[in-house]
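The values are calculated or read from the model by the stated rules, or taken from the named source; none is laboratory data. The structure displayed is predicted, hence computed values, not measured ones. Here the Cβ positions follow ideal geometry from the backbone for every residue, glycine too, while neighbour counts run over all protein chains shown. We work out accessible area using only protein heavy atoms, side chains counted, and drop any ligands, DNA or RNA first. Shrake-Rupley method; radii C 1.70, N 1.55, O 1.52, S 1.80 Å.
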Amino acid sequence: MEQSDGNAWMALYSQNMLEICLELVHLGYDEYRDKVVDYYNHFLEIASAMDRIGDNQDEMWDEEDQFFYDVLRFPDGSATRLKVRSLVGLLPLCAATVLEPEHLELMPSIAKEHKYMITRTKRLSKNIANPLQKGKNNRRLLSVVNEDKLRSILKVMLDEKEFLSDFGIRSLSKYHEENPYVFSWNNEEFTVKYVPGESDSTMFGGNSNWRGPIWFPANTVIIRALFQQYAFYGDDFKIECPTGSGNMMTLIEVAKEIIRRLENIFLKDEKGYRPVYGWYKDFQEDKYWENNLLFYEYFHGDNGAGIGASHQTGWSGMIAYLMVMFRTTNFDMLMEKAHWDKDTRIKKEE
């Protein structure tokens, strides 16, 4: 199995390590210069392998569907894409990191020592975001997806008939509710169907967070990626959200919209009920419970009800950070400096 999500995680990991090394070099630790090049090259190799140059039928990017899939490779060397529209196809857009000009000032000396890096960049970056292209405020973008791929993936992700729920981004497209994916092998059929709530299978211990529900870790890294892409493209890049609505948004506005939907899980609706508590009347109406929120492992893809373990503050508790961050951050100032720090916070008196 050649995994689209696994490759995306490693591409992002390479970016994170590159950022750390750049910070260390910026602070005068010159011994990390070679590591910058190493992680830069690791990212390029991983990203370019996900959509190789040329007309290939056995890679993760599907040109017809404009989406990433896992690839199943057989012993004879042939391969097929597993065309399941899931987080597997969304996570490649999360491997995105902006480099600031002050970091880029370090690159010429590194490139001088490793001249082949620039040549390889031009060769390998044909199907990914070109890391030599300048964006807003002379930033550079390291990303698995170029602008065309980003638009194609977002079109599917922001479709309410696919991934966009009233409560965030689903882990599996609702398309598969009426159109299950079926894979046949050795006279057996294996089916993946959209399951918005509890799993209908005991596979993987009955865990269903990749079969349809809202999952906070995935939503959080998607929101991070939208911010990174926004810091590069700025207000010039707009996308329809939701898809088909005619409502055009910048990437930071899309991020805010996703957070608004995630908030809906916990906030009271027009009937005074919190979606997180679903059909549990005691939690909805009992004075000892109604305002004591639980942070479930994942949430129903259609109605937002909490599912699984009820004490997952380690990741579902991210909603508190997201709510505060997007209410206290000065995004105009943030565009001047893409990395969050105390200077981008809105003063209390403002």
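Some observations on this one:
- Under the condition of being loosely packed, with under 15 Cβ neighbours inside 10 Å and closer than 19 Å to Tyr298 by Cβ, the residues counted in region 261-277 number 1.
- Residue within region 82-100 that is at pLDDT below 90, in contact with a helix residue (DSSP H, G or I) (Cβ under 9 Å, 6 or more places away or on another chain), on the phi < 0 side of the Ramachandran plot and among the charged types (D, E, K, R) present: yes
- Residue match in region 166-175 (condition: under 15 Å from the mean Cα position of the chain (by Cα), surrounded by 20 or more Cβ atoms within 10 Å (Cβ to Cβ), among the aromatic types (Phe, Trp, Tyr) and on the phi < 0 side of the Ramachandran plot): no
- Residue ranges of strands (runs of 3 or more DSSP E) in region 182-298 with at least 2 members farther than 25 Å from Val145 by Cβ and out of contact with any Ser or Thr (no Cβ under 7 Å at 6 or more places or on another chain): 188-192
- Filter result for Gln15 (under 20 Å from the mean Cα position of the chain (by Cα), at pLDDT 90 or above, surrounded by fewer than 20 Cβ atoms within 10 Å (Cβ to Cβ) and not charged (D, E, K, R)): no
- If you go through region 163-184 and pick out every residue that is of a type in the set (Asp, Glu) and touching a residue at least 12 places away in the same chain (Cβ under 8 Å), you end up with 2.
- Breaking point among (1) under 23 Å from the mean Cα position of the chain (by Cα); (2) open to solvent by 50 Å² or more (accessible area, probe 1.4 Å), for Glu31: (1)
- Selection status of Gln57, at pLDDT 90 or above, surrounded by fewer than 22 Cβ atoms within 10 Å (Cβ to Cβ) and closer than 18 Å to Ile128 by Cα: no
- Matching residues in region 73-82 - criterion: being free of Cβ contacts under 8 Å to residues at least 40 places away in the same chain and surrounded by fewer than 18 Cβ atoms within 10 Å (Cβ to Cβ): Phe74, Pro75, Asp76, Gly77, Ser78, Thr80
- Which numbered condition Arg85 fails, given (1) surrounded by 14 or more Cβ atoms within 10 Å (Cβ to Cβ); (2) more than 21 Å from the chain's Cα centre (by Cα): (2)
- Complete set of residues in region 299-317 that are crowded, with 18+ Cβ neighbours inside 10 Å and hydrophobic (A, V, I, L, M, F, W, C): Phe299, Ala305, Ile307
- Cβ pairs under 6 Å, 6+ apart, first in region 302-330 and touching a residue at least 12 places away in the same chain (Cβ under 8 Å), second among the polar types (S, T, N, Q) and assigned to a helix (DSSP H, G or I): Met318/Thr220; Thr329/Thr344; Asn330/Thr344
- Tyr321 vs. criteria open to solvent by 30 Å² or more (accessible area, probe 1.4 Å), hydroxyl-bearing (Ser, Thr, Tyr) and not in a loop (DSSP other than H, G, I, E, B): yes
- Take the conditions (1) open to solvent by less than 50 Å² (accessible area, probe 1.4 Å); (2) farther than 18 Å from Tyr321 by Cβ; (3) modelled with pLDDT under 95; Leu294 misses just one of them, which is (2).
- Test: Val156 is crowded, with 17+ Cβ neighbours inside 10 Å and in contact with a Leu (Cβ under 6 Å, 6 or more places away or on another chain): no
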